[in-house]
Amino acid sequence: MEFSSKLLEKAVNEMAQLPGIGKRTALRLVLHLLKQPKEQTQFLTESLQTMRHEVKYCKSCHNISDVELCEICSNEKRNHQMICVVEDIRDVMAIENTGQFKGVYHVLGGKISPIDGVGPSQLNIATLVEKVSAGMVAEVIFALSSTMEGDTTNFYIFRQIQQYEIKTSTIARGISVGDELEYADEITLGRSILNRIPFENTMKSN
Ligand SMILES: [Zn+2]
């Protein structure tokens with residue numbers, strides 16, 4: 001791609017670093033910003049900067065939050081003994097949209113994936129095990145996507161908390177293997193949380 005302006009080229013290259021944005025799309029977005037009033041670019045960059053500098057992670061569940069303890073964790077009406085384990089904030093949003101879950105979450109920040117160099121220590125697993133070992137938890141619900149990485153992560157955590165007398169379950173999904181949680185429709189996802197199955201049962205069927 002030949003540019004008549006180095007400034008334009010630099011902006012396009014930066015935009016094209018984002019996932020799913022190729023050079024052509026990046027150029028379209030940058031040209032769009034050029035046509036808009038300057039303030040719009042300013043609002044966009046300011047909101048990104050502020051978000052990047054000021055966003056926090058909940059000290060209890062690791063969800064993205066503006067305050068130390070997120071709204072879900074600080075809500076006394078939620079069942080704090082029931083913890084749903086998810087990969088990231090998109091899963092929290094998907095499950096919250098179903099309105100079927102009254103417990104709290106634990107956001108791992110990814111899945112165990114040796115190919116991508118992600119091991120258990122890079123994920124928020126230790127803090128979950130701490131909560132369980134402190135006797136603060138009655139049930140852990142695994143809600144990771146049913147990929148090999150998801151299954152490996154579930155099993156790793158299960159081994160860590162197995163010794164404690166708590167219920168472990170996995171969401172019973174009516175969606176095919178490999179589907180990401182965030183794409184499941186709300187009714188299916190809501191039902192799968194209500195109809196969750198004991199984790200041990202899923203191991204026998206494998
Ligand atoms: Zn939280």
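In percent, what relative contact order does the chain have, based on Cα pairs under 8 Å that are 6 or more apart in sequence? Mind showing how you got there, number by number?
Details: 265 pairs, mean separation 31.4, N = 206.
Computed over the chain, the figure is 15 percent.
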Inset, instruction - Mind grabbing the base-10 log of I(q)/I(0) for segment 33-125 at q = 0.15, 0.16 Å⁻¹? Debye formula, identical points on the C-alpha positions, no solvent, two decimal places. - result: -0.72, -0.78
Legend entry - Over the chain: Kirkwood hydrodynamic radius from C-alpha pairwise inverse distances, Å: 19.3 Å
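For segment 6-54, what does the alpha-carbon gyration tensor say about shape, rounded, prolate or oblate, given a ≥ b ≥ c as the root eigenvalues, a/c under 1.5 as rounded, and a/b over b/c as prolate?
Details: a/c = 2.07, a/b = 1.26, b/c = 1.64.
Judged from the Cα gyration tensor, segment 6-54 comes out oblate (a/c at least 1.5, b/c at or above a/b).
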Legend entry - Reach of LYS77 by Cα under 18 Å, taken over lysines that are not fewer than 8 positions away in the same chain: LYS102
Legend entry - Acute angle (nearest 10 degrees) that the helix 38-54 long axis makes with the longest principal axis of the chain, alpha-carbon atoms: 30 degrees
Legend entry - Under the Karplus curve 6.51 cos²θ - 1.76 cosθ + 1.60, θ = phi - 60°, whole-Hz ³J(HN,Hα) for segment 109-122, x wherever Gly or Pro sits: x, x, 10, 5, 8, x, 4, 8, x, 9, x, x, 6, 7
Legend entry - Local electrostatic count, MET15, Cβ distance below 12 Å [Lys/Arg +1, Asp/Glu -1]: +2
Legend entry - Between helix 6-15 and the chain: long-axis angle, C-alpha atoms, 0 to 90°, nearest 10: 10 degrees
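From the helices alone, meaning DSSP H stretches of at least four residues, give me the mean residue ellipticity at 222 nm for the chain, per-run term -39500 (n - 2.57), in deg cm²/dmol to the nearest 500. Walk me through the numbers before you get to the answer.
Values: 8 runs with 87 residues, N = 206.
That calculation yields -12500 deg cm²/dmol at 222 nm.
We did not get these values from a lab; they are worked out from the coordinates using the rules stated. All values reported here derive from a predicted model rather than from experimental measurement. Cβ sites come from the backbone with ideal geometry, for glycine too, and all protein chains shown count toward neighbours.
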